[in-house]
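Peer 1: This is the structure, below, for whatever I ask next.
The values are calculated or read from the model by the stated rules, or taken from the named source; none is laboratory data. Since the model is a prediction, treat every value here as computed from it, not as a measurement. When we count neighbours, we look across all protein chains shown, and the Cβ atoms used for this are built from the backbone with ideal geometry, even at glycine. Accessible surface is based on the protein model in full, side chains and every heavy atom, while ligands, DNA and RNA are left aside. Shrake-Rupley method; radii C 1.70, N 1.55, O 1.52, S 1.80 Å.
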Amino acid sequence: MASPSRPCRGIRVLDLSTEIGGAYCTRLLADLGADVLMVEPPGGHPLRFHGPFPDGKEDPEKSGLFLHLCANKGGLTLDVESESGRARVLELAGQADLVVETFKPGRMEALGLGFDVLSARRPGLVVASITHFGQYGPYEQWEGEEIVDYALGGYMYFGGSPDREPLMVPNNQPQLQAGVQSAIACLTGIWNAHKTGQAQHIDASSVEAMLSVHSWTHALWTHQGTVLQRTGANAVKCADGWVMFVMPYINQNFLLMIERPDLMDDKQVRSATWRTNHPEEMRPLLEQWCAPRTREEVFQAGQELRMPVAPVYDAADLFQTPYVAARNWFNTVDHPKAGTVQLPGFPYRLSATPASLRRPAPALGEEGAGWEEAAREDFSGSWPERPSIGIPAPSYKPRKGSDPPASLPFEGLRVVEVTNSWAGPLVGRMFGDLGADVLKIEPADRLSGRRSYFPGGQAFVHFYDRSAFNSKFNRNKYGMTVDLRSPEGKDIFLRLVRDADVVVENNSPRVMPNLGLGYEVLREVNPGLIMASISGFGQTGPGRDFMAYGANIEASCGLAAVTGYADDPTPYGTSIYYGDPIVGWHAVVAIMAALFHRRLTGEGQFIELSLQENAMGFFPEALLEYSLTGHTQQRLGNRHARYAPQGCYPCFGDDMWMVLTVRSDEEWGRLAKVLTLPEALDQRFDTIEGRREHHDEIDQLISRWTSRLDHHEASRRFQDVGVPAAPVLANWELISNLHYFERGFYIPIPHKEMGVFPYPGMPWQITGMPWALRMPPPLLGEHNRLVLTRLLGMDEAEIDDLCARGVLLEEVTPDFHPPVGVKRPPPL
C-alpha cells in the first residue's frame with residue numbers, strides 16, 4: 001500500500017530563524033511535507049540550549065524544545081555574519097520558495113540579505129520576517145521577550161487575581177501564536193506567488209499575534225465602555241485536585257448534579273442571568289459538593305448533564321488519561337543522541353495527506369543533504385476561475401482609497417461555513433479576508449453568535465444585528481439562515497456544497513451526521529470537497545461527545561496546571577476561552593495544505609481537529625519536561641526558569657503595571673543604573689545565581705522605583721538601555737496604542753445597524769497583497785435571496801414559500817427568544 005502523499009511536497013523552505021515563532025512556523029510546514037533546511041549558527045541553534053533537558057543537565061543534542069520544533073528538518077551550519085555564509089544563503093535562496101527569518105528589523109538588510117536582494121535571486125520568492133513588534137512602528141527596535149509580548153498583547157491585564165499582580169500564561173504563547181499565524185501567511189504567499197509570479201514579503205509580529213486571539217476584549221471597551229478586569233480563578237477543589245466549570249454555561253441541571261433539588265423552586269437560582277452574574281454565590285454550592293469527590297467523578301457527572309466542566313490535568317495526567325491515550329496523539333521519535341523521545345502530536349488529522357514525523361531533529365553539525373535536489377511540483381495549471389456571487393452594493397460610501405485590490409489570493413474559492421462560537425467563524429473570516437466567497441449558514445430557529453456585546457449596552461429592536469461578536473468574526477461573508485433539519489434546507493445545503501471547495505463546521509461530532517450531512521454524504525455530492533470538522537475532544541474516542549468550550553479546555557489541556565502564582569496552589573485560566581483561536585488558526589493551515597494537494601490531484605479530504613489536542617500542543621515545554629524527566633512543570637507565576645529578575649511590577653495609577661526581564665549580567669548592570677537606587681548595586685545581584693537567590697528583594701527594589709512612574713514611562717526608560725520591558729495594557733489601551741495605530745492593526749468597519757467601530761484586522765501583512773474589507777458583517781439572513789437566486793436559480797415565489805414555512809429566516813418574529821436580559825418592545 002502506497003504511503004499517503006504530503007500536501008506541501010515540493011515546497012522548499014530556507015529557515016534562518018532563531019526563535020520559537022520561526023521554528024514553529026517551519027515545523028508546521030515540514031510536518032505537512034515541505035522540504036525545510038534549517039540554518040544553524042556556529043555553536044548551534046539557540047533552541048538547543050533552551051531545554052528542558054533529561055536530568056536537568058544542559059546538552060545541545062537533548063534539548064526538548066529543539067527536538068520538538070526542529071524535527072522533520074534538515075540542518076546546515078552557516079555563519080551568516082561571514083562573507084562566505086552570506087554567499088551561501090543567497091545561493092540557497094535562489095532555489096527556495098520560502099525564506100523564514102527572525103532577525104530584528106533592518107538586520108537582514110545590513111547583512112546584504114534584505115527582501116529586495118533575496119527576491120532578486122528567485123522570481124516569486126516569499127520571505128517571512130517574524131519579529132516581536134513588526135518591521136516598523138514605535139516599538140520596532142524594542143527588546144522583546146515572552147513576558148513583554150504577552151503584556152503588550154492584551155491578555156495579561158485580565159489574568160490572575162484582582163488582589164494581586166496580573167498573571168502570565170507560560171510556555172511562550174506569543175511566539176507559538178506568531179508561528180501558526182505565520183504558517184498561514186507563508187502558505188498564502190506561496191499560493192499567491194504560484195498564481196501571480198510575484199515575490200512577497202511577510203511582516204508578522206508576536207504582539208499582533210496575541211492581539212489576534214482575543215474574543216470580546218476590545219469590544220467590551222469600544223462598544224460598552226467596560227474595562228476588562230481580573231476576576232480570579234474559577235477552579236473548584238476536589239478530593240484529588242481541581243475542576244473548572246464554565247460558569248455562564250452552567251444550566252439548571254447543576255442542581256441535580258449537586259443533589260439540591262430543593263433549590264429548584266428558587267427563582268434566582270433557576271435564572272441563567274443570576275447564575276452568570278453571581279458566581280460568588282454559586283461557588284459555595286459547587287465547592288461543598290465537589291470536595292469529597294474525585295476530578296473524574298465530577299467530570300463525568302457534569303458531562304452526563306451536558307454541562308461544560310473539565311478536570312485540571314497536568315502533563316503527567318495527559319500522558320495517562322484515556323481521553324488522550326485513545327487518540328494516540330503523542331509522537332515517538334528515535335534520535336541518534338537523545339534516544340527515544342515522546343513529543344507533542346500534530347494539531348490536525350488529514351485523511352488523505354496526514355502530517356507525519358519522518359525524521360528527528362538534526363544532530364549538531366549535521367548537513368542537510370538532499371534539500372537542493374528535492375523534487376518540485378508543478379502548480380502552474382489552471383487556477384479557480386469560478387465567478388463571484390457578486391457583492392451587493394454597500395449602503396455606505398467607502399472611504400477614498402479603500403477600494404479592494406484588483407485580485408486577492410483565494411479569489412474564486414468557495415467556502416460553506418456551518419459554525420458557532422468563534423473557532424469556526426475565525427476560519428471562515430480568514431478565507432473571506434483573502435478573497436474567498438464564504439457562505440455563512442446560521443440556523444433558522446435560534447441565534448448563534450448574535451446574543452451579546454451590544455453598543456452602549458443597547459440591544460434595540462433588531463438585537464440580532466447589533467452584536468459585536470457577530471461583527472468581529474463574520475465580515476466578508478454572505479449571511480444565510482437555513483433550517484438544515486428540514487428536507488428543503490438539507491437540499492439547499494447539498495446543492496451549495498456541490499459547487500464548493502471547502503466546508504467548515506465546529507459542532508458536536510454527532511450534529512452533522514445526524515443531519516444527514518456528514519463527510520461521507522458530502523463527498524458523494526462533491527468528491528473534491530475539503531471538509532474541516534472542529535470539536536472539543538475529537539471525532540473519536542471516549543471524550544467524543546463531551547461538551548467543550550475554550551474555557552473548560554484550558555483545564556483539560558494543561559494550561560491551568562502551569563498557570564498561577566508560585567505561592568498559591570490554585571490553578572488559573574485566561575477567562576477568555578483561549579483554546580478557540582488556537583484550533584481555528586491550525587484549521588486554516590490544514591485547509592490551505594489540503595488545497596495545495598487538491599491543486600495537484602483533484603482529491604478532497606476530511607480534516608479533523610479538536611480543541612483539546614490543539615491546546616495541548618501549545619504547552620510543549622510542560623509536556624516535554626515530563627517526557628524527558630518524569631517531573632511536572634511547576635507554576636512560576638511571572639518568573640522565568642532561566643532569567644532573573646523577571647516579573648510584573650506596580651506603577652503609578654489605578655491598577656497599572658509593567659513587566660521586565662533580565663537575560664544576562666550585562667542587562668542587569670544596565671537596569672541597576674536606571675533604578676538609581678544604591679541597593680541595586682549590591683554585588684550579591686551581579687550573577688544569575690545571586691539574583692535568583694535574592695529575587696524577592698530585587699522585586700521590592702524594582703517595585704519601589706516603578707511605582708513612581710506610569711507604566712509607559714517606566715517601560716521606555718528600561719527599553720532605552722536595552723532591557724526588555726513593557727506596559728501591561730488594559731483593553732482600553734489596546735485601541736489607543738500608538739504602535740498598533742501606526743501599523744493599522746485595528747480597522748473601522750461600517751455596519752447598517754451598529755454604525756462604525758474598530759475591529760482587529762489581519763494578524764500579519766504582506767507587501768503587494770493587501771487583504772480587503774469587501775463586505776461588512778451580514779445582517780441576519782441578509783443574503784438568502786442573493787445566494788439562492790444567483791447560485792441555485794430559485795425565483796422569488798419559491799424563496800417566499802421557504803420563508804413562510806420556516807426553512808429560511810429573514811425577519812425575527814415577536815415570539816423568537818431574545819438573549820437573556822434583552823427586552824422586546826411592547827405590542828401595539
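Peer 1: Taking 7 Å along the Cα-to-C-beta vector as the label spot, tell me the residue 251-residue 601 distance in nanometres, rounded to one decimal.
Peer 2: 4.1
Peer 1: Now for a separate question. Working with all protein chains in place, sort 485, 349, 9 by solvent-accessible area computed with a 1.4 Å probe, largest first.
Peer 2: 485, 349, 9
Peer 1: Using a/c under 1.5 as the rounded threshold, could you call segment 414-487 rounded, prolate or oblate? The axes a ≥ b ≥ c are square roots of the C-alpha gyration tensor eigenvalues, and prolate needs a/b larger than b/c, oblate otherwise.
Peer 2: Note, shape of segment 414-487 comes out oblate.
Peer 1: Please work out how much accessible surface residue 50 shows to a 1.4 Å probe, ignoring ligands, DNA and RNA, in Å² rounded to 10.
Peer 2: Estimated to the nearest 10 Å², residue 50 gives 40 Å².
Peer 1: About its Cα centre, how strong a charge dipole does segment 279-349 have in debye, to the nearest 20, once Lys and Arg get +1 and Asp and Glu get -1 at the Cβ?
Peer 2: Roughly 340 debye for segment 279-349.
Peer 1: Another question, then. Tally Lys/Arg at +1 and Asp/Glu at -1 over every other residue whose Cβ is under 10 Å from the Cβ of residue 749; what's the total?
Peer 2: So the surrounding residues net to +2.
Peer 1: Another question, then. Counting heavy atoms of the protein chains only and a 1.4 Å probe, report the per residue accessible area for the chain as a whole number of Å². Don't jump to the answer; show the numbers that get you there.
Peer 2: Working: 30240 Å² over 828 residues.
That works out to 37 Å² per residue.
Peer 1: List, in the order given, every pair from 195/490; 57/237; 237/267; 73/104; 477/823; 237/337 whose Cα-Cα distance in the structure shown is over 32 Å. Each step should come with its number before you reach the end.
Peer 2: Working: 195/490 35 Å; 57/237 35 Å; 237/267 27 Å; 73/104 24 Å; 477/823 29 Å; 237/337 42 Å.
Over 32 Å Cα-Cα: 195/490; 57/237; 237/337.
Peer 1: Further, regarding this structure: Starting from the amide H of residue 343, placed 1.01 Å from N in the peptide plane, find each other amide H under 5 Å away whose residue is 5 or more places distant or on another chain.
Peer 2: Placed amide hydrogens put 331, 332, 333 under 5 Å from residue 343.
Peer 1: Using DSSP to define loop residues, name the trypsin sites (Lys or Arg not before Pro) in segment 738-799 whose beta-carbon has at most 15 other beta-carbon atoms within 10 Å. Don't skip to the end; give the middle numbers.
Peer 2: Details: sites: 743, 752, 774, 785, 790; in loops: 743, 752, 774.
In loop regions of segment 738-799 (DSSP not H, G, I, E or B), the sparsely surrounded trypsin sites (Lys or Arg not before Pro) are 752.
Peer 1: Also: Quick one: order 49, 346, 473 from most to least accessible surface, probe 1.4 Å. Working shown, then result.
Peer 2: Numbers: 49 70, 346 30, 473 5 Å².
Most to least solvent-accessible, the answer reads 49, 346, 473.
Peer 1: Sorted by packing (mean other beta-carbon atoms within 10 Å per residue), highest first, where do 29-37, 508-516, 496-504 land?
Peer 2: Answer by packing, highest mean first, reads 29-37, 496-504, 508-516.
Peer 1: Hey, what did segment 1-42 get for relative contact order, percent, Cα under 8 Å, at least 6 apart?
Peer 2: 50
Peer 1: At a threshold of 8 angstrom on Cα-Cα distance, excluding pairs fewer than six apart, so keeping six or more, what relative contact order does the chain reach in percent?
Peer 2: Once normalised by length, the contact order is 18 percent.
Peer 1: Here is a follow-up. Calculate the dipole size of segment 484-552 relative to its Cα centre from +1 charges on Lys and Arg beta carbons and -1 charges on Asp and Glu beta carbons; express the result in debye to the nearest 20.
Peer 2: The dipole of segment 484-552 has a size of about 140 debye.
Peer 1: In whole Å, what three semi-axes, largest first, describe the equivalent ellipsoid of the chain built from its Cα gyration tensor (square root of 5 times each eigenvalue)?
Peer 2: They are 39, 34, 27 Å, listed from largest to smallest.
Peer 1: Which order do you get for 249, 577 if you rank them by accessible area with a 1.4 Å probe, largest at the top?
Peer 2: Output order, biggest surface exposure first: 249, 577.
Peer 1: A further question on this structure: Select from 129, 141, 52 the residue farthest towards the positive end of the dipole of segment 13-145; place +1 on Cβ of Lys and Arg, -1 on Cβ of Asp and Glu, and compute about the Cα centre.
Peer 2: 129
Peer 1: Count the net charge of all other residues whose Cβ sits under 13 Å from the Cβ of residue 294, scoring Lys and Arg as +1 and Asp and Glu as -1.
Peer 2: -1
Peer 1: May I pose another question? Kindly identify segment 732-818 as rounded, prolate or oblate by the Cα gyration tensor criterion: order the square roots of the eigenvalues as a ≥ b ≥ c, call it rounded if a/c is under 1.5, otherwise compare a/b with b/c, prolate if a/b is larger, else oblate. Intermediate values should be presented prior to the final figure.
Peer 2: Working: a/c = 4.60, a/b = 1.99, b/c = 2.31.
It comes out oblate by the Cα gyration axes.
Peer 1: Dipole of the chain, Cα-centred, from +1 at each Lys and Arg C-beta and -1 at each Asp and Glu C-beta, to the nearest 20 debye?
Peer 2: Numbers: 76 positive and 101 negative charges, 303 e Å.
Roughly 1460 debye for the chain.
Peer 1: Take the alpha carbon gyration tensor of segment 612-695, find the square roots of its eigenvalues, order them as a ≥ b ≥ c, and report rounded if a/c is under 1.5; if not, report prolate when a/b exceeds b/c, else oblate.
Peer 2: oblate
Peer 1: Also, I was wondering about something else. Using a 1.4 Å probe on the protein heavy atoms, what percent of the accessible area of segment 1-138 belongs to carbon and sulfur?
Peer 2: Roughly 51 percent, rounded to a whole number.
Peer 1: With Cβ to Cβ distances under 12 Å as the rule, what net charge do the other residues near residue 247 carry (K, R +1; D, E -1)? Walk me through the intermediate numbers first.
Peer 2: Values: positive: 275, 283; negative: 280, 281.
Taking every Cβ under 12 Å from that of residue 247, the sum is 0.
Peer 1: Select from 251, 461, 530 the residue farthest towards the positive end of the dipole of the chain; place +1 on Cβ of Lys and Arg, -1 on Cβ of Asp and Glu, and compute about the Cα centre.
Peer 2: Looking along the dipole axis, the top candidate is 461.
Peer 1: Placing +1 on the Cβ of each Lys and Arg and -1 on the Cβ of each Asp and Glu in segment 465-604, which of 574, 521, 547 has its Cα farthest towards the positive end of the resulting dipole?
Peer 2: 521
Peer 1: Counting only C-alpha contacts under 8 Å and six or more residues apart, can you give the relative contact order of segment 747-811 as a whole percent?
Peer 2: Worked out over segment 747-811, it gives 24 percent.
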